[in-house]
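Remarks on the structure that follows.
Derivation of every value follows stated rules applied to the coordinates shown; laboratory data play no part. Note that this is a predicted model, so its numbers are computed, not measured. Methodologically, a virtual Cβ is constructed for each residue, glycine included, from the backbone with ideal geometry; neighbour enumeration extends over all protein chains shown.
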Amino acid sequence: MSFHPTRPLPYGRQNITEADVAAVTASLHADYLTQGPTVAEFEKQFAQYIGAKYAVAVSNGTAALHLCALALNVRPGQRVITSPLTFAASANCVRYCGGEVHFADIDPTTGLIDLAKVRALLEVHPKGHFTGLIPVDFAGLAVNLEEVRQLATEFGLWIIQDSCHSPGGFFIDSEGQEQRCGNGNFADLAIFSFHPVKHIATGEGGMITTNSEALYHRLLRLRTHGITRDPADLSREPDGGWYMEMQELGYNYRLPDLNCALGLSQLARADAGLARRRQLAAQYDAAFAQIPGVTVLAPGRPGHAYHLYVIQVADRRELYDFLKTKQIFAQVHYIPVHRMPYYEGLGWKAGDFPLAEEYYAHCLSIPLFPTLTDEEQAYVVACVTEFVTSNEQQ
Ligand SMILES: *Cc1c(COP(=O)(O)O)cnc(C)c1O
């Protein structure tokens, strides 16, 4: 092969432009470093982008999940169902509040939680046994939230949609309408992360979206120590202009102006980045369709936001090592949450969710990010092909 990449190729990376640098520099010269007007502007524009009524910027996606669990009053002993195939934070937020995490296995053709299995789990227990659902738009493929809402209504559950992988993604509802991930039409709350490998980067950062005004106000208070200054919410007559009340135990989970300036600048390019991700994914789909031995997860799904591009191969460990020698830094998403020593300590074990475990045994996320060039992508395809074909001949 003649082409050799001039830079290492990770599975994902941020795209910082001169416009981003200028936006952050300008914000450094502004009056506020933390809670200035850029926070509200970023929230407003993000809510518009997602199609939700309200957005609350927070310090990271994990803080977003924690605040959601608090706002929905998760209590010790309450049981919440999520996917075993996700980043641990999707489950941890329940533990922060003392709740119990339960799982339903995945649909191996999509990597998403299997809603038939969720229903089966709900049906073998009396109503009220579980209190909430945390579906995850894994890799960028949207969960059918309309179906999740039907389950939630039937069994009296709340929904936190973990959309960290899917800003700009959507599913098609039963009336043929596109429903954007996190638009608040079905889930009570949805969360996003602005970690550099995600679609929009702010350094650390996260966002919660909702259509519920009550939850929105609660989140604003929880984000800043449980403190409110809103005259409408005060329990006493103010004794001066400084007056505020800490009404419940909250946190400092604010996202600074500085980071929001970067987020706003990134958000302006979100559609272009998403389009490029989809184009690269389609090119991978076409290339790997020719290569027996490489299975592509959920090819050609409408609305896929492609945070990750996942392939499955027989010799995953060897392919991972081989690609590393070629300066391609693939990654595995994810070691199933129930197999983490912490969760095993809570009673989960190997074999509990065999489809997620089988998926884990073969999956590999290969480079996918907007600045990946066609040449670099062709190089990745060539390296994967070289590995798979030489392994077949042995
Ligand atoms: C990245 C991610 C999170 C956590 O976001 P942070 O901003 O890193 O805290 C949660 N859930 C999923 C599915 C993620 O990919």
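Determine the dipole magnitude for the chain: charges of +1 sit on the beta-carbon of Lys and Arg, -1 on that of Asp and Glu, nothing else is charged, the reference point is the Cα centre, and the result goes in debye to the nearest 20.
Details: 30 positive and 42 negative charges, 79 e Å.
Dipole about the Cα centre, nearest 20: 380 debye.
Which aspartates and glutamates does Lys349 reach when only Cα atoms under 17 Å apart count, and residues fewer than 8 places away in its own chain are ignored?
By straight Cα distance, Lys349 reaches Glu100, Asp105, Glu357, Glu358.
Please report Met246, Met207 as a ranked list, fewest other C-beta atoms within 10 angstrom at the top and most at the bottom. Walk me through the intermediate numbers first.
Details: Met246 12, Met207 29.
Fewest to most other Cβ atoms nearby, the residues stand as Met246, Met207.
At a Cα cut-off below 21 Å, give the lysines reachable from Lys198, other chains included and same-chain residues fewer than 8 away excluded.
Lys44
With a/c under 1.5 counting as rounded, go ahead and sort segment 74-197 into rounded, prolate or oblate using the C-alpha gyration tensor (a ≥ b ≥ c being the square roots of the eigenvalues; past the cut-off, prolate if a/b is larger than b/c, else oblate). Intermediate results must be reported in sequence, preceding the final value.
Values: a/c = 1.61, a/b = 1.22, b/c = 1.32.
In terms of gyration-tensor shape, oblate.
Rounded to a whole number of µm²/s, how large is the Stokes-Einstein D of segment 270-393 at 37 °C and 0.692 mPa s, given Rh as the Kirkwood radius over C-alpha pairs? Could you put the intermediate results ahead of the total?
Details: Rh = 15.6 Å.
It diffuses with D of about 210 µm²/s by this estimate.
Testing the spin-label approximation: label points 7 Å from Cα along Cα→Cβ at Ala272 and Leu234. State their distance in nm.
Calculated label separation equals 4.7 nm.
Which order, highest average first, do 57-66, 97-106, 335-344 follow once you tally other Cβ atoms within 10 Å for each residue and take the mean per peptide? List each step's numbers first, then the result.
Working: 57-66: 25.7, 97-106: 20.6, 335-344: 17.7.
Order by mean packing, descending: 57-66, 97-106, 335-344.
In the chain, if the dipole is taken from +1 on Lys/Arg beta carbons and -1 on Asp/Glu beta carbons about the Cα centre, which of Phe387, Tyr342, Ala152 is farthest to the positive end?
Tyr342
Could you line up Tyr32, Tyr360, Tyr284 from fewest to most neighbouring Cβ atoms inside 10 Å?
So the ranking, lowest neighbour count to highest, is Tyr32, Tyr360, Tyr284.
If you add up the charges near Phe138, with Lys and Arg at +1 and Asp and Glu at -1, over every other residue whose beta carbon is less than 11 angstrom from its beta carbon, what do you get?
Net local charge, Phe138 excluded: -3.
So what J values fall out for segment 284-300 if you push phi through Karplus, 6.51 cos²θ - 1.76 cosθ + 1.60 with θ = phi - 60°, rounded to Hz, Gly and Pro as x?
Using θ = phi - 60°, the values come out as 4, 3, 5, 5, 6, 4, 8, 10, x, x, 10, 9, 9, 7, 6, x, x Hz.
Give the aspartates and glutamates reachable from Lys326 as a straight Cα distance under 12 Å; neighbours fewer than 8 places away on the same chain don't count.
Glu376, Glu386
Would you work out which of Asn183, Thr109, Cys97 lies farthest towards the positive end of the dipole of the chain, given +1 charges on the beta-carbon of Lys and Arg and -1 on that of Asp and Glu, about the Cα centre?
Highest projection toward the positive end goes to Cys97.
Go from 0 up to the bin containing the longest alpha carbon distance in segment 1-141, width 10 Å each, and give me the % of pairs per bin.
Calculated P(r), rounded to whole percents: 9, 25, 29, 21, 12, 3, 0.
Using only C-alpha positions, report the orientation-averaged shadow area of the convex hull of the chain, nm², one decimal.
With the hull built on Cα positions only, its mean projection is 21.6 nm².
Evaluate the Kirkwood expression for the hydrodynamic radius of segment 13-85, namely the inverse of the mean inverse distance over all pairs of different C-alpha atoms, and round to one decimal in Å. Don't jump to the answer; show the numbers that get you there.
Values: mean 1/r = 0.0647 Å⁻¹.
When all Cα pairs of segment 13-85 are included, the Kirkwood radius is 15.5 Å.
Along the Cα→Cβ direction, 7 angstrom out, place labels at Gln35 and His129. What is the inter-label distance in nm?
4.4
First select every other residue whose beta carbon is under 12 angstrom from the beta carbon of Leu297; then total the charges, Lys and Arg +1, Asp and Glu -1.
Numbers: positive: Arg301; negative: Asp107, Asp285.
Net local charge, Leu297 excluded: -1.
Under 14 Å from the Cβ of Pro10, count the other residues' Cβ atoms, weight Lys and Arg +1, Asp and Glu -1, and hand me the total. If you can, show how the numbers build up before the last one.
Numbers: positive: Arg7, Arg13, Lys198, Lys324, Lys326; negative: Glu376.
Result for the neighbourhood of Pro10: +4.
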